[in-house]
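Data first, discussion second: the structure below is written as structure tokens.
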Amino acid sequence: MSNQPLSTVRIGGIKATIWENEDDKGIARYNTTITRTYLDQNKEWQENNSFSLDDLPRLRLATEQAFTQIHERIAERHHDKSNNQEEPDASEDPAPAATKQGRGKKSFTEKVDAERAKASGAAK
């Protein structure tokens, strides 16, 4: 991974910068830095991590978009990893793929939907 951000979301003066790093096991980890940009009295751009009441709707939109982009990246990496693996030998595990998926684990989409439902329920 590089020192360059994976992506930057801008909503008005709010900026969410997404960073992707791999841990020592090769697992991708994601962080997001959130800042507010503004022009100071000398007409120079500054960044701050303090947000006013008027910033909060834009902050929410920026974090939702960052959340979506991160989860799309995770799905993309998972898909790339799955495509790069060799097909398993059918004799190794006789259980059909549908049975393997039905072992009580949630799909990626189900996990994201559950997180969004939980977040929207907490906001009410």
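The values are calculated or read from the model by the stated rules, or taken from the named source; none is laboratory data. All figures in this text were calculated on a predicted structure; none of them were measured in a lab. No Cβ is skipped: glycine too gets one built from the backbone with ideal geometry, and neighbour counts run over all protein chains shown.
Sort out which residues of the range 62-82 are closer than 21 Å to ALA114 by Cβ, at pLDDT 95 or above and among the aliphatic types (A, V, I, L, M), and write them in order of number.
Once the filter is applied, which keeps residues that are closer than 21 Å to ALA114 by Cβ, at pLDDT 95 or above and among the aliphatic types (A, V, I, L, M), the range 62-82 yields ALA66, ILE70.
Given the residues ARG36, ARG10, which is the only one that is over 25 Å from LYS118 (Cβ atoms), in contact with a helix residue (DSSP H, G or I) (Cβ under 7 Å, 6 or more places away or on another chain) and at pLDDT 95 or above? Talk me through it step by step, then tell me what you get.
Working: ARG10 fails: in contact with a helix residue (DSSP H, G or I) (Cβ under 7 Å, 6 or more places away or on another chain).
Criteria check complete, one pass: ARG36.
Which residue is nearest to ILE34 (Cα to Cα), if the candidates are limited to the range 4-19 and must be part of a loop (DSSP other than H, G, I, E, B) and not polar (S, T, N, Q)?
Filtering the range 4-19 for residues that are part of a loop (DSSP other than H, G, I, E, B) and not polar (S, T, N, Q), the one nearest to ILE34 (Cα to Cα) comes out as GLY13.
Just to verify a result, which residue in the range 29-47, among those that are over 12 Å from the mean Cα position of the chain (by Cα) and among the charged types (D, E, K, R), is nearest to HIS78 (Cα to Cα)?
ARG36
Tell me, which residue of the range 20-66 that is part of a helix (DSSP H, G or I) and free of Cβ contacts under 8 Å to residues at least 40 places away in the same chain is surrounded by the fewest Cβ atoms within 10 Å (Cβ to Cβ)?
LEU53
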